[in-house]
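Throughout, read-outs are computed from the coordinates displayed, never taken from laboratory work. What you are looking at is a predicted structure, and each value in this text was computed from that prediction instead of being measured. Virtual Cβ from ideal backbone geometry, glycine too; neighbours counted across all protein chains shown.
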Amino acid sequence: MIAIREGGLDDGRVQALLRLHAAGMLANSPEESCHFLDLSGLQAADVTFWSAWAGVELLGMGALKQLDAGHGEIKSMRTAPAHLGKGVGAAMLEHILSVARTRELTRLSLETGAAPAFEPAIRLYTRYGFVPCPPFGDYREDPHSRFLTLAL
């Protein structure tokens with residue numbers, strides 16, 4: 001069973017997964033095309049962070065950044081390598097979608113990479129109805145980025 005809990009950024013296992021996430025982004029996209037949030041960015045007042053657990057084992061993480069009253073952005077979605085393909089990403093995405101609807105957001109968007117390593121994430125988001133969109137917020141057109149959105 002997957003338990004999703006708000007917080008966890010003070011846990012060393014979560015911080016290690018954040019470092020793995022950053023390394024993965026930087027290994028598959030140029031640095032100027034990487035838009036992941038670091039620890040301080042995930043602690044910002046406009047960001048809610050969740051960690052996913054099975055007992056004491058970290059399964060994954062995800063965050064929701066409030067862009068404005070009606071628009072949110074998915075950030076820092078990552079599954080721990082040992083748990084890939086076990087539904088962790090889907091569970092986290094469903095949780096974020098539920099929170100976004102509870103907050104009465106009308107749109108949820110995300111930026112991800114365009115390299116082949118990002119295809120599993122793009123398939124997950126597409127399965128939930130996300131569609132390509134132009135850059136939003138402070139993003140700019142970038143051949144190394146893909147932008148997706150979902151009307152809620």
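Working from Cα pairs under 8 Å separated by at least six residues, relative contact order for the stretch 3-109 is 25 percent.
Excluding the site residues themselves, the longest part of the chain lacking any trypsin sites (Lys or Arg not before Pro) in a DSSP loop with at most 15 other Cβ atoms within 10 Å is 1-85. Taking θ as phi - 60° and the Karplus parameters 6.51, -1.76 and 1.60, the scalar couplings of the stretch 26-35 work out to 5, 6, 10, 8, x, 3, 5, 9, 9, 10 Hz in sequence order, x denoting glycine and proline. Scalar couplings 3J(HN,Hα) for the stretch 75-83, obtained by applying the Karplus form with A = 6.51, B = -1.76, C = 1.60 to θ = phi - 60°, are 10, 6, 6, 7, 9, 4, x, 5, 10 Hz; x denotes Gly and Pro.
Backbone geometry of the stretch 92-104 corresponds, through the Karplus equation with coefficients 6.51, -1.76 and 1.60 at θ = phi - 60°, to 3J(HN,Hα) couplings of 5, 4, 4, 5, 4, 4, 4, 5, 4, 5, 4, 7, 6 Hz, x marking Gly and Pro.
On the principal axes of its alpha-carbon atoms, the stretch 3-109 has extents of 36, 34, 26 Å, going from largest to smallest.
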